[in-house]
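Shown next, in structure tokens, is the structure this report addresses.
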Amino acid sequence: ALKIGVLASGRGSNLQSLLDAISAGTLDAEIVLVISDKQNAMALDRAAAQGVPAVHLNPKDFNDRKSYDLAIAELFKERGATAIVLAGYMRIISRPFLESFPERVINIHPALLPAFPGLHSQKQALEYGVRYSGCTVHFVDEGMDTGPIIVQAVVPVEKDDTEETLAARILQEEHRILPEALQLLAQGRLRVEGRKVQIL
Ligand code: GAR
């Protein structure tokens, strides 16, 4: 089974979708450690509730991003993680972390990349006036939401949508495609070729 380390900053509903898929037997994986940069992240409680090790590490206790990232990479390695999922992790990952898990760091983003990278993607989509948005699971590189795309899902933007209603519609799809993408990884069915991902 794939040994997954999770980084999360908040609510943790995407972490929950992974835990649920593992329980349901649709994701052949184990979550070996959850790390949050935020002390009050609900993600930590969700992990603990399932007996998954969960720790808060405060970036302010480190000199710079690189030393923080090296510390969390070390913790994941100690637990035997072979893939890392950014499940609502609101920080940029630095090169030393990526070099610890080459082509094994995956992010979920609430827009159809390359549209609306960065923060507040649902708001960006509403303000732009797109008729469709969605979510993207992709491999992480050093850019901001720029790595090779694994899976996407589309949702319509309705005329009365607020940031909250659109975010909720997108989130439903996130909870479907994140476990799906990880199952492809667990089965060894993802091949990165340059900027593209082949699904075998
Ligand atoms: C999700 O919508 C995720 O796509 C987004 O934050 C939310 C986290 O929800 N991630 C980003 O915006 C990354 N820049 P969750 O904590 O309930 O999984």
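The values are calculated or read from the model by the stated rules, or taken from the named source; none is laboratory data. Computed from a predicted structure; not experimentally measured. Cβ coordinates were reconstructed from backbone atoms using ideal geometry, including for glycine residues, and neighbour counts include every protein chain displayed. These accessible areas exclude ligands, DNA and RNA; they are computed on the full protein's heavy atoms, side chains included. Shrake-Rupley method; radii C 1.70, N 1.55, O 1.52, S 1.80 Å.
Of the residues making up region 51-61, just one is surrounded by 11 or more Cβ atoms within 10 Å (Cβ to Cβ) and assigned to a helix (DSSP H, G or I), namely 59.
Just one residue in the set 166, 119, 171 is within 11 Å of the ligand (Cβ to nearest atom), surrounded by fewer than 17 Cβ atoms within 10 Å (Cβ to Cβ) and farther than 18 Å from residue 4 by Cα; that residue is 119. Looking only at residues in region 128-149 that are more than 22 Å from residue 77 (Cα to Cα), hydrophobic (A, V, I, L, M, F, W, C) and surrounded by 19 or more Cβ atoms within 10 Å (Cβ to Cβ), the one that is nearest to the ligand (Cβ to nearest atom) is 135.
Do the conditions hold for residue 103, that is, is it surrounded by fewer than 23 Cβ atoms within 10 Å (Cβ to Cβ), farther than 14 Å from residue 89 by Cα and touching a helix residue (DSSP H, G or I) at 6+ places or on another chain (Cβ under 8 Å)?
For residue 103, the condition - surrounded by fewer than 23 Cβ atoms within 10 Å (Cβ to Cβ), farther than 14 Å from residue 89 by Cα and touching a helix residue (DSSP H, G or I) at 6+ places or on another chain (Cβ under 8 Å) - is not met.
Scanning region 16-41 for residues that are within 16 Å of the ligand (Cβ to nearest atom) and farther than 15 Å from residue 178 by Cβ returns 35, 36, 37, 38, 39, 40, 41. In the condition set (1) among the polar types (S, T, N, Q); (2) more than 16 Å from the chain's Cα centre (by Cα); (3) buried (at least 16 other Cβ atoms within 10 Å of the Cβ), residue 40 is compliant with all but (3). Pairs are defined by a Cβ separation below 8 Å, a sequence spacing of at least 6 or placement on different chains, a first member in region 105-127 that is under 12 Å from residue 166 (Cβ atoms), and a second member that is surrounded by 23 or more Cβ atoms within 10 Å (Cβ to Cβ) and acidic (Asp, Glu); the pairs so defined are 110/174.
The set of residues in region 16-33 that are closer than 21 Å to residue 171 by Cα, open to solvent by 50 Å² or more (accessible area, probe 1.4 Å) and not in a helix (DSSP H, G or I) contains only 26. When the residues of region 1-15 are filtered to those that are within 16 Å of the ligand (Cβ to nearest atom) and in a loop (DSSP other than H, G, I, E, B), the one that is surrounded by the most Cβ atoms within 10 Å (Cβ to Cβ) is 12.
If I ask for residues that are touching a residue at least 24 places away in the same chain (Cβ under 8 Å) and open to solvent by 30 Å² or more (accessible area, probe 1.4 Å), which ones from region 89-100 would you list?
Listed by number, the residues that qualify are 90, 91, 92, 95, 100.
Per this entry, residue 125 is not counted among residues that are closer than 29 Å to residue 33 by Cβ and either open to solvent by less than 40 Å² (accessible area, probe 1.4 Å) or in contact with a Phe, Trp or Tyr (Cβ under 7 Å, 6 or more places away or on another chain) (or both).
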